[in-house]
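Read the structure below first, then the notes.
The values are calculated or read from the model by the stated rules, or taken from the named source; none is laboratory data. Only a predicted model underlies this, so the values are computations on that prediction, with no experimental measurement involved. Positions of Cβ are generated from backbone atoms using ideal geometry, with glycine treated the same way; all protein chains shown enter the neighbour counts.
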């Protein structure tokens, strides 16, 4: 039994030698190196952290969305009345110097109106709504635009939004401050750990969905004030947009080097 096992082992060794010899003598295969080295290189030490900074700016522009609502028993007359008020509003806006690119008819709807007081629904008329969005309004014109817009065909104000024409500059400033904050925190942490701060490995900007580019006014107060000022014949409604916050969020990776 022992001799048989030795013979089989010897046969395997001989066969293996022949196979290696055949591979090395052929021209198709590359020669196998004598030594193959496998190195496991660990990542260089680094520090990762995040920073957020905010810059406050005063809005200097606005966007107003007007609403025109008409009701009539006849659908055609309802639409005609709405169109007349719309043309009146557009005429006022263009008289204020607004170009077509700043005025957009942003919504239409014509719906039946029903009386549900009985056991069955009864058609009593139609209601049409039209929305007109006006952009690029200088802040010093917003009050008059709200009051005179109601006098010039609009009977509702859907929204008022403020924004800054310097938003991009303010955001760039916030990014710079966020980077300075990240570096300051990284230097403090590395000094405490006995290391030195190396080069920047990666920077990532996140949560920048342009949130904060616009801020919205309190519409309940705006509607009441516009209606009151229009009824009193005032040419301007007081508007105070306040300040808007422009925030930048980043994450940064720095390399760590030996303090020696």
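Kindly list, by first and then second residue, each pair from a residue in segment 177-205 that is free of Cβ contacts under 8 Å to residues at least 24 places away in the same chain to a residue that is outside any helix (DSSP H, G or I), limited to pairs with Cβ atoms under 7 Å and residues at least 6 apart or on different chains.
Hits for this filter: 187/197.
Looking at 186, 170, 178 in this structure, which one is part of a helix (DSSP H, G or I), at pLDDT 95 or above and surrounded by 15 or more Cβ atoms within 10 Å (Cβ to Cβ)?
Residue meeting the stated conditions: 178.
Is it the case that some residue within segment 205-228 is exposed (fewer than 14 other Cβ atoms within 10 Å of the Cβ), assigned to a strand (DSSP E or B), in contact with a strand residue (DSSP E or B) (Cβ under 7 Å, 6 or more places away or on another chain) and at pLDDT 90 or above?
Within segment 205-228 (the criterion being exposed (fewer than 14 other Cβ atoms within 10 Å of the Cβ), assigned to a strand (DSSP E or B), in contact with a strand residue (DSSP E or B) (Cβ under 7 Å, 6 or more places away or on another chain) and at pLDDT 90 or above), the answer is yes, since at least one residue qualifies.
Among strands (runs of 3 or more DSSP E) lying entirely in segment 89-163, which contain 2 or more residues that are at pLDDT 90 or above and at positive phi?
In segment 89-163, 122-138 are the strands (runs of 3 or more DSSP E) which contain 2 or more residues that are at pLDDT 90 or above and at positive phi.
For residue 81, all conditions in the list (1) within 35 Å of the chain's Cα centre (by Cα); (2) over 30 Å from residue 186 (Cα atoms) hold save one; what is the number of the exception?
(1) is the only condition that residue 81 fails.
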